[in-house]
Amino acid sequence: MEGPMTAEQARRKLIFLSLVTTVLFSAFLIVSPLFTPFGPQEALQVVQVVFPVFAGYIGSAVLFLFRGNPASGTIADQGLLKMLIYAPFAVFWCLAAAVLFYFYVSNQPGYSQGMTFPQLMTYVTIIISFMNITTGALGAFLFQSEEIQRAEAQAKALLQAAGDRGVPGGRA
């Protein structure tokens, strides 16, 4: 990771990391019944929780690709942007690996009480919620379309005009 990150680089990294995470995590869960105590239906339930989040980030990129404005996006701190792109994925991967490893180990023969599938789903939901909160907000900013920017500019202009006329709620 070299130097600061531009909005365009952040968009590309967000998509790449989302694709990699979706493929690896989903593939792992699909084959996990081979070496974990839950069956194919339970693995599918976990994929159903994880997959839509990352697919949503990719969907935002598709909309941006056809309707967006690549020049949009003022970034106050490009170093912070870089951290905000990579950190949520690193946290997700580490926590997901730890939870899945604990689930596997705790359900081995001889272990007194293993993590149950509902407990695993609770942990996965919490981890994916963190991912959705952080990366979802980044995606909303990075992939906002021209229409949103135009609407924001129109709203600012209306507020300015209302303020210039002395209308309550406008700027005086």
Note to self: For the stretch 88-110, which positions are within 14 Å of the chain's Cα centre (by Cα) and β-branched (Val, Ile, Thr)?
What the structure shows: VAL91
Checklist line | Those residues of the stretch 86-135 which are of a type in the set (A, V, I, L, M, F, W, C), without any contact (Cβ under 8 Å) to a residue 60 or more places away in the chain and surrounded by fewer than 16 Cβ atoms within 10 Å (Cβ to Cβ), in sequence order | finding: ALA87, ALA90, VAL91, CYS94, ALA97, ALA98, PHE101, VAL105, ILE126, PHE130, ILE133
Check: Are any of the residues in the stretch 152-168 in a strand (DSSP E or B) and at pLDDT below 80?
Finding: no
Check: What residue, among those in the stretch 25-63 that are under 16 Å from ILE128 (Cβ atoms) and among the aromatic types (Phe, Trp, Tyr), is farthest from the chain's Cα centre (by Cα)?
Finding: PHE28
Checklist line | Condition met for ALA43 (surrounded by 15 or more Cβ atoms within 10 Å (Cβ to Cβ) and modelled with pLDDT under 80) | finding: yes
Item checked: the stretch 1-57: number of residues that are small (Gly, Ala, Ser) and not in a helix (DSSP H, G or I) -> 2
Note to self: Please count how many residues of the stretch 61-90 are modelled with pLDDT of 75 or more and assigned to a helix (DSSP H, G or I).
What the structure shows: 13
Note to self: I'd like the residue in the stretch 19-30 that is at pLDDT 80 or above and among the β-branched types (Val, Ile, Thr) and, out of all such residues, is surrounded by the fewest Cβ atoms within 10 Å (Cβ to Cβ).
What the structure shows: VAL23
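The values are calculated or read from the model by the stated rules, or taken from the named source; none is laboratory data. This structure is a prediction, so every number in the text was calculated from the model and none was measured. Here Cβ is always computed from backbone atoms with ideal geometry, including for glycine, and neighbour counts include all displayed protein chains.
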